[in-house]
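**Student:** Submitted below is the structure of interest, expressed as structure tokens.
Nothing in this text is a laboratory measurement; each read-out follows from the coordinates by a stated rule. Note that this is a predicted model, so its numbers are computed, not measured. A quick note on method: Cβ atoms are made from the backbone with ideal geometry, for glycine too, and the neighbour counts reach across all protein chains shown.
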Amino acid sequence: MFDVVAKGFRDVRMRFEGKRELTEENIDEALKDIRRSMLEADVNFRIAKNFINRVKEKALGEVVKVKAKGTQGKMEVSPGDHFVKICHDELEALMGPVDSSIVFTNPRVGPTKIMMVGLQGSGKTTTTGKLARLLMDQHGKKPLLVGADVYRPAAIEQLRVLGQELGVPVHAVEGGDPVKVCNDAIALAKEQDRDVILFDTAGRLAVDDVLMNELEQIVETTSPENIFLVADAMIGQDAVNTAKEFNSRLEIDGFIMTKLDGDARGGAALSIKEVTGKPIKFIGVGEKLDDLEEFRPEGLANRILG
Ligand code: GDP
């Protein structure tokens with residue numbers, strides 16, 4: 001996770017070793033290392049540029065402050081540590097703030113609806129199961145899983161297996177009408193005393209109009225309180241571009257970024273919030289049902305900076 005950017009920051013620390021002050025020159029050199037590692041990590045070009053500019057501005061501000069204070073104003077921490085602290089704060093700001101909130105309805109009014117959307121293969125079905133587990137364990141909820149990917153029997157079967165493992169009911173109709181399947185599930189949840197419904201919607205290999213129209217119809221008729229886009233971290237900027245397209249049509253509430261465990265680069269996780277304005281809510285860090293964590297920008301910034 002984030003190995004490429006982490007290496008860039010290790011180079012920065014080495015660059016500052018033995019140096020006694022921050023100067024414009026060593027700041028520029030360090031920023032070059034960071035820029036290179038961010039682009040290698042597949043961070044969006046504009047985001048990397050803005051990040052570098054923000055760090056530069058703050059670091060130069062420090063140089064000016066220290067100079068103004070004269071020798072008495074020498075920094076208490078080493079220039080390297082100081083520079084890295086600036087980067088830490090900016091990385092956290094780039095990914096944060098923490099927002100793993102889920103909107104719940106008053107159960108007397110009806111069940112909470114969570115709509116999961118995303119490309120095929122992004123990990124949508126697996127993540128639907130993981131989120132159901134989290135809702136049960138951390139919020140004491142009783143989920144109903146809904147197989148709205150009516151086109152792929154394998155997807156419905158996978159959801160049924162997950163439902164069995166979790167001990168929760170699954171509503172699905174192979175070859176049915178996905179909009180009707182989702183709407184029927186609302187009445188079914190009331191009958192079966194289920195307080196959260198998770199719609200596992202259809203994915204495609206690329207965003208297309210037919211898919212988007214179908215998803216829009218589900219949104220219009222069921223009014224989900226939460227729309228989460230499941231995005232595969234391993235596909236880097238493609239995940240960010242997909243997120244932008246989905247968000248322009250559906251007004252999503254946030255992302256669940258999967259496969260961070262296998263993603264050495266981290267470019268998608270570092271760019272998606274700034275590009276779309278929507279938060280990463282949870283991250284997938286493995287294939288098992290327990291492998292879903294709240295997204296903690298501070299922890300990730302620590303990880304990147306070692
Ligand atoms: P869907 O087509 O979007 O529903 O994708 P699936 O849920 O079928 O997942 C596709 C593959 O990604 C499966 O092999 C999952 O086990 C795997 N997967 C999903 N999330 C994660 C994750 O966070 N980490 C890892 N390593 N694999 C994941």
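**Student:** Between D261, D149, D89, find the one with the highest GNM mean-square fluctuation for the chain; connect C-alpha pairs within less than 10 Å.
**Tutor:** Highest fluctuation of the listed residues: D89.
**Student:** Right, next: Looking at the chain only, what percent of DSSP beta bridges run antiparallel? Nearest 5 please. Don't jump to the answer; show the numbers that get you there.
**Tutor:** Details: 3 of 29 bridges.
The antiparallel proportion sits near 10 percent.
**Student:** To continue, here is another question. What is the gain in length, in nm to one decimal, between R20 and K190 on full extension, counting 0.36 nm per residue of separation less the C-alpha to C-alpha distance? Before the final figure, lay out the partial values.
**Tutor:** Details: separation 170, 0.36 × 170 = 61.20 nm, distance 6.72 nm.
Once the chain is fully extended between R20 and K190, it gains 54.5 nm.
**Student:** Give the separation of the Cα centroids, the range 218-266 to the range 109-135, in Å.
**Tutor:** 12 Å
**Student:** Quote the relative contact order of the range 37-174 in percent (integer), defining contacts as alpha-carbon pairs under 8 Å separated by 6+ residues.
**Tutor:** On the way: 81 pairs, mean separation 19.5, N = 138.
Contact order relative to length: 14 percent.
**Student:** On to the next question. Take every DSSP beta bridge with both residues inside the range 195-297 and express the antiparallel ones as a percent of the total, to the nearest 5.
**Tutor:** Working: 3 of 11 bridges.
Close to 25 percent.
**Student:** Please provide three numbers in whole Å: the alpha-carbon extents of the range 157-306 along the principal axes, with the largest listed first.
**Tutor:** Dimensions of the range 157-306 along the principal axes of its Cα atoms: 51, 35, 24 Å.
**Student:** Mean separation of Cα pairs under 8 Å and 6+ residues apart, divided by the residue count of the chain: what relative contact order is that in percent?
**Tutor:** Values: 569 pairs, mean separation 78.7, N = 306.
About 26 percent, as a whole number.
**Student:** Among H171, H139, H88, which comes first, then next, by fewest other beta-carbon atoms within 10 Å? Don't skip to the end; give the middle numbers.
**Tutor:** Numbers: H171 21, H139 13, H88 16.
Ordered from fewest to most neighbouring Cβ atoms within 10 Å, H171, H139, H88 come out as H139, H88, H171.
**Student:** Another question about this same structure. Over all directions, the average projected area of the alpha-carbon convex hull for the chain comes to how many nm²? Present the calculation step by step, with values, prior to reporting the outcome.
**Tutor:** Values: hull surface 67.2 nm².
So the mean shadow area of the Cα hull is 16.8 nm².
**Student:** Mind jotting down a quarter of the surface of the convex hull over the alpha carbons of the range 108-158, in square nanometres, one decimal? Before the final figure, lay out each step's value.
**Tutor:** Details: hull surface 16.5 nm².
For the Cα atoms of the range 108-158, the hull's average projected area reads 4.1 nm².
**Student:** If the cut-off is 21 Å between C-alpha atoms, which lysines fall inside it for K142, apart from same-chain ones fewer than 8 positions away?
**Tutor:** Hits, sequence-local ones excluded: K113, K124, K130, K190, K281, K288.
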